[in-house]
1. Would you mind getting me the FRET efficiency between ALA212 and ALA44? Use the beta-carbon distance for r and R0 = 51 Å, nearest 0.05.
2. Simple spin-label model, 7 Å along Cα-to-Cβ: ARG164 to LYS23 in nm?
3. Please list, ordered by chain and number, the residues whose modelled amide H lies under 5 Å from the amide H of ALA270; skip anything fewer than 5 residues away on the same chain.
4. What's the FRET efficiency of ARG284 with SER220 using the Cβ-Cβ distance as r and R₀ = 45 Å, to the nearest 0.05?
5. Given the Cα-Cα distance of ASP271 and THR15 and 0.36 nm per residue of separation, how much length would full extension add, in nm?
6. By the gyration tensor of its Cα atoms, with a ≥ b ≥ c the square roots of the eigenvalues, what is the shape of segment 193-285: rounded for a/c under 1.5, prolate for a/b over b/c, or oblate?
7. Could you sort 178-187, 273-282 so that the peptide with the highest average Cβ count within 10 Å comes first and the rest follow in order?
8. Report the full-extension gain for the segment VAL228 to THR252: residue separation times 0.36 nm, less the Cα-Cα distance, to one decimal in nm.
Amino acid sequence: MEYKDYYATLGVAKTASEDEIKKAYRKLVRKYHPDVSKEADADARTKELNEAYGVLGDAEKRAAYDSLGSGQYHAGQEFRPPPDWGGGFEGASAEDFFADLFAHVGGQRGGRQGFRMRGEDIHAVLEISLLDSYHGAQREISLGRQRNLKVSIPKGVTAGQQLRLGGQGQPGANGAEAGDLFLEIAFQADDRYRVEGRDVYEKVPIPPWLAALGGERDVSTPSGRVTVTVPSNSQSGRKLRLKGRGIPAANTSGTAGDLYLTLEIFAPPADTPERRALYEQMQREIGG
């Protein structure tokens, strides 16, 4: 059988820390996830990544894998199980052998016949809008092979948070329970907003006269429309803080984030004779 080099799959060294393995896995699974990837082999690569992380991300399984002499083999190299591992591997595939290995971690080694093994967990990235985090939402995701799953996105989720869907991972062997599906939350790119934890920063364009003279302005925010007062003599980059208007608390004991409105002064175009005359008057009287 061919040796499966899980370290090479994730692109990490055999001395990589747990955190380095996790970061490498998350970066690659985002690249190859079938919902977002345009790669032709996205499904196969995602399966390989999940399998590799399922082993290297678990300290006990990683130790068992390393005990087979992972430093001596390379991906695709002919591999023979240790002679003391037990029988039943003539003609077995690498999947058979490695499945048996991790089914017996911490227990008695033996042949592969009749083993029970919990299914592997699946890790994927779920991109949502900022509004989904403010209000909660329902989404339908595809897990491949015409398998769709409805997911409830709770109000107050933040980037990096994982949603666990019990029993929605890979099926178990010989009647064992299925693994779980872990969806890591990521926010869709939006030029209007920047998110830090539960705090949200929103760009608010204002005309120069409002910046200079001050006054009220209506602003559409993720939590609804608000009227804010712009102080006189404001400059671009000034932030107006709206306490508690950031991402809502995930539960009753939590604290909501804040919303920071970042003022950006824009200059209307001098596209009419009247506007051009106003700009010329400002140049004469204000200068600069």
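Values in this text are rule-based calculations from the coordinates and carry no lab data. These figures come from a predicted structure and were not determined experimentally. Positions of Cβ are generated from backbone atoms using ideal geometry, with glycine treated the same way; all protein chains shown enter the neighbour counts.
1. After rounding, the FRET efficiency stands at 0.25.
2. Placing both labels 7 Å along Cα→Cβ, they lie 2.5 nm apart.
3. none
4. Efficiency, rounded to the nearest 0.05: 0.75.
5. So the chain would gain 85.8 nm between ASP271 and THR15.
6. It is prolate, given that a/c is not under 1.5 and a/b is the larger ratio.
7. 178-187, 273-282
8. That works out to 5.9 nm of additional length.
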